[in-house]
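Since the structure comes first, as structure tokens, the remarks are kept for the end.
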Amino acid sequence: MNVWRRLSGPRRGLALAGAGVLVAGGLVTIPVTAAQAATQCDVAYSTNDWPGGFTANVTIKNLGDPINGWTLGWTFPNSSQRVQQGWSAEFSQSGSQVTARSLSYNGNLATGASTSIGFNGAWSGSNPKPTSFTLNGVVCNGGTTNPTTVPPTTVPPTTVPPTTVPPTTVPPTTVPPTTTPPGQKVDNPYAGVPGYVNPEWKAKANAEPGGSRVSNNPTAVWLDRIAAINGTPNSSSNGAFGVREHLDEALRQGAGYIQFVIYNLPGRDCSALSSNGELGPNELPKYKAEYIDPIAAIQADSKYRNLRIINVIEIDSLPNIVTNTSGQPGGTVMCDTVKANGAYVNGVGYALAKLGAIGNVYNYIDAGHHGWLGWDSNFGPTADILKTAAVASGSTVNNVHGFITNTANYSALTEPYFKVTDNVNGQTVRQSKWIDWNFYVDELSFAQAFRTKLISVGFNSNIGMLIDTSRNGWGGSARPTGPGATTSVDTYVNGGRIDRRAHAGNWCNQAGAGLGERPRANPATGIDAYVWVKPPGESDGSSKEIPNNEGKGFDRMCDPTYGGNARNGNNPSGALPDAPISGAWFSAQFQELMRNAYPAL
């Protein structure tokens, strides 16, 4: 009875590469001399400071012979300076001396090659930059040091060095990086400020007849591959803007908040084909170093400190390893793999830790939707796995501002004509084929109940929920105006339900769908905002296989002739015909959404 109902997973390939972008805050470059033998290096060290804390980015460039494993050392000028949480290296600190050792994936540096590492730190009094660095015991300016000055042990980046105060507690003279300025975190980042309108999406919407009626609504920017970080001008599913260009445009607009979707886990979307990603299931180190680290470096730029940056973390990921592994209807080998190797849990934890350390960044984790997780067998276990991920890879629950449901899906916000507690002729409506013993019939009741459950498993009591309403309006002439006939539980539910899909497991380019509630803050108890995280008009996936170089596959659930599978109760897919690859503009879908909008346009 608890057949998996998945949310839409096609997604955008926004893209771009790049690691180690240095944030603003004094840049220190240590040159080398040509006379230095073997190990020669150049180090760029920059920080983004706030009272009592800072984020440091360090770029190491090898100017000497190729290196197989490296150890970087330096001495803090101020004895109060401490490394608290690092990434892309193993950090340890003894007194004022700091050591950062390479990891398995970034230890080999060819001549002229660079790698970037970083950490969150604490200070009191002042935060001066180190004046000298050593690489494998050799001073980067050409001198030498005694290698015995390098501490012999290291602490993995997911733990706190023994001489520092854990980032989840407040050091005597510092503020923890998860709650610090710039931009003291507010309770609801959506409240009281305008949202960012993506000009690339707006231009596509405005090109449609009647599109100007909705084109000024804020939508999220999807980062579904490494290339999206810098922009993909030749992509069919994205535009030329990268993360920095979007942030700069948000400043120009005077926006108060901007939304990004972090969506590139190893083995991504393990149960669907239209939205599989570029990274294999064992490429967690690459996800960290080449995807999360560069995004965090840009978002941490002090230029954006007064902008509320909202990250929606990894759509369609953690619930999959609860519901779509072996033993579940339609379980996949890929879901088994990423559950066993911890790629999803540790990837999400790393993203939360790295992004949550930035004072003006707000993380919301994907939490499925009611037609997927509304059964007890899915509801509690998903809350538990979300908690596990929130404290993985050095993260804490303080890095989670809230959760989002219905992302890129179609589940109705509310069902006004029946409740889960209704009975018809002595039978509970939960026995109907549509509800199928679920405990929830719409997204609002599910989101509010799931928030309570999440708090009970250890999340902060002030977490907020988001509901994606971009495609769940279900208006138009087919919208019911009252309850169904009481002949049976099925006639009662089917006659009165707003959601007109054949099955709640249908997720791709649904015929008859409409725009839902427009984005707005504080719409209901426990709900931070209704949002349009999935930009209306962007395809969920192609109706047939379309060769492309953007990593977009073909899933039969996007084929309008498909008769379904166990996940959707063997019902027709309900998908629109002639759809392009996921993330590409789909004019027919956009027109359908406007035509069936509720509230009507």
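Kindly evaluate PRO519 against the criterion of being touching a Phe, Trp or Tyr at 6+ places or on another chain (Cβ under 7 Å), open to solvent by less than 10 Å² (accessible area, probe 1.4 Å) and either at pLDDT below 95 or under 30 Å from ILE463 (Cβ atoms) (or both).
no
Quick test for you: out of LEU466, LEU386, LEU444, pick the one residue that is more than 30 Å from ALA511 (Cβ to Cβ) and of a type in the set (A, V, I, L, M, F, W, C).
LEU386
Given the structure, is SER393 modelled with pLDDT under 95 and open to solvent by 10 Å² or more (accessible area, probe 1.4 Å)?
no
Can you list the strands (runs of 3 or more DSSP E) found entirely within the range 40-107 that contain at least 1 residues being in contact with an Asp or Glu (Cβ under 9 Å, 6 or more places away or on another chain)? Break it down into steps so the answer makes sense when it comes.
Values: elements: 41-50, 53-62, 71-75, 82-87, 90-94, 97-101.
So the answer is 41-50, 53-62, 82-87, 97-101.
So which of ALA513, ALA521 is aliphatic (A, V, I, L, M) and part of a strand (DSSP E or B)?
Being aliphatic (A, V, I, L, M) and part of a strand (DSSP E or B) holds for just one of ALA513, ALA521, which is ALA521.
Restricting to the range 242-255, count the residues that are open to solvent by 60 Å² or more (accessible area, probe 1.4 Å) and either of a type outside the set (Lys, Arg) or part of a loop (DSSP other than H, G, I, E, B) (or both).
3
Given the conditions (1) farther than 18 Å from GLY86 by Cα; (2) buried (at least 20 other Cβ atoms within 10 Å of the Cβ); (3) β-branched (Val, Ile, Thr), and given that VAL333 satisfies all but one, which numbered condition is not satisfied?
(2)
Condition test on PHE439, is it of a type in the set (A, V, I, L, M, F, W, C), touching a residue at least 24 places away in the same chain (Cβ under 8 Å) and open to solvent by less than 10 Å² (accessible area, probe 1.4 Å)? Let's see the steps before the verdict.
Details: of a type in the set (A, V, I, L, M, F, W, C): yes; touching a residue at least 24 places away in the same chain (Cβ under 8 Å): yes; open to solvent by less than 10 Å² (accessible area, probe 1.4 Å): no.
Taking the combined requirement at face value, the residue does not satisfy it.
Does the range 577-595 hold any residues that are open to solvent by less than 20 Å² (accessible area, probe 1.4 Å) and outside any helix (DSSP H, G or I), and which are they?
If we filter the range 577-595 for residues that are open to solvent by less than 20 Å² (accessible area, probe 1.4 Å), which is where we start, we get 579, 581-584, 586, 589-590, 593-594.
Across the range 577-595, the qualifying residues are ALA579, ILE581, SER582, GLY583, ALA584, PHE586.
Looking at SER88, SER92, SER79, which one is open to solvent by 30 Å² or more (accessible area, probe 1.4 Å) and small (Gly, Ala, Ser)?
Matching residue, one of SER88, SER92, SER79: SER79.
Would the range 415-422 turn up any residue that is closer than 27 Å to PRO519 by Cβ and free of Cβ contacts under 8 Å to residues at least 12 places away in the same chain?
Within the range 415-422, not a single residue is closer than 27 Å to PRO519 by Cβ and free of Cβ contacts under 8 Å to residues at least 12 places away in the same chain.
Return the residues of the range 524-543 that are under 22 Å from ASP316 (Cβ atoms) and outside any strand (DSSP E or B); say none if nothing qualifies. Don't jump to the end; show me each part of the working.
If we filter the range 524-543 for residues that are under 22 Å from ASP316 (Cβ atoms), which is where we start, we get 527-543.
Within the range 524-543, TRP532, VAL533, LYS534, PRO535, PRO536, GLY537, SER539, ASP540, GLY541, SER542, SER543 meet the criteria.
Out of all the residues in the range 423-432, is one or more open to solvent by 60 Å² or more (accessible area, probe 1.4 Å) and either closer than 17 Å to HIS369 by Cβ or under 35 Å from the mean Cα position of the chain (by Cα) (or both)?
Checked the range 423-432: no residue is open to solvent by 60 Å² or more (accessible area, probe 1.4 Å) and either closer than 17 Å to HIS369 by Cβ or under 35 Å from the mean Cα position of the chain (by Cα) (or both).
Can you pull out every residue in the range 353-378 that is crowded, with 23+ Cβ neighbours inside 10 Å, touching a helix residue (DSSP H, G or I) at 6+ places or on another chain (Cβ under 8 Å), touching a residue at least 60 places away in the same chain (Cβ under 8 Å) and closer than 30 Å to ARG567 by Cα?
Answer for the range 353-378, where residues must be crowded, with 23+ Cβ neighbours inside 10 Å, touching a helix residue (DSSP H, G or I) at 6+ places or on another chain (Cβ under 8 Å), touching a residue at least 60 places away in the same chain (Cβ under 8 Å) and closer than 30 Å to ARG567 by Cα: ALA367, GLY368, HIS369, HIS370, TRP372, LEU373, GLY374.
When you look at THR75, is it in contact with a Gly (Cβ under 6 Å, 6 or more places away or on another chain), of a type outside the set (Lys, Arg) and modelled with pLDDT of 90 or more, yes or no?
Against the criterion (in contact with a Gly (Cβ under 6 Å, 6 or more places away or on another chain), of a type outside the set (Lys, Arg) and modelled with pLDDT of 90 or more), THR75 does not qualify.
When the range 300-313 is examined, which residues are found to be under 20 Å from THR219 (Cα atoms) and either touching an Asp or Glu at 6+ places or on another chain (Cβ under 6 Å) or in contact (Cβ under 8 Å) with a residue 60 or more places away in the chain (or both)?
ASN306, LEU307, ARG308, ILE309, ILE310, VAL312
Within the range 112-141, can you find the residues that are touching a strand residue (DSSP E or B) at 6+ places or on another chain (Cβ under 8 Å), surrounded by fewer than 18 Cβ atoms within 10 Å (Cβ to Cβ) and over 13 Å from ILE60 (Cβ atoms)?
Listed by number, the residues that qualify are LYS129, THR131, SER132, GLY137.
Can you pull out every residue in the range 447-497 that is β-branched (Val, Ile, Thr) and either assigned to a helix (DSSP H, G or I) or crowded, with 24+ Cβ neighbours inside 10 Å (or both)? Talk me through it step by step, then tell me what you get.
Kept after step one, since they are β-branched (Val, Ile, Thr), are these residues of the range 447-497: 452, 455, 457, 463, 467, 469, 481, 486-487, 489, 491, 493.
Within the range 447-497, THR452, ILE455, ILE467, THR469, VAL489, THR491, VAL493 qualify.
Residues that are at pLDDT below 95 and more than 17 Å from the chain's Cα centre (by Cα): does the range 240-263 have at least one?
Yes, the range 240-263 has at least one match.
Has the range 406-415 got at least one residue that is open to solvent by less than 10 Å² (accessible area, probe 1.4 Å), within 27 Å of THR325 (Cβ to Cβ), in contact with a strand residue (DSSP E or B) (Cβ under 7 Å, 6 or more places away or on another chain) and not in a loop (DSSP other than H, G, I, E, B)?
No, the conditions are met nowhere in the range 406-415.
The values are calculated or read from the model by the stated rules, or taken from the named source; none is laboratory data. Remember, it's a predicted structure, so these values are computed and weren't measured experimentally. Cβ coordinates were reconstructed from backbone atoms using ideal geometry, including for glycine residues, and neighbour counts include every protein chain displayed. Surface areas here come from the heavy atoms of the whole protein model, side chains and all, with no ligands, DNA or RNA. Shrake-Rupley method; radii C 1.70, N 1.55, O 1.52, S 1.80 Å.
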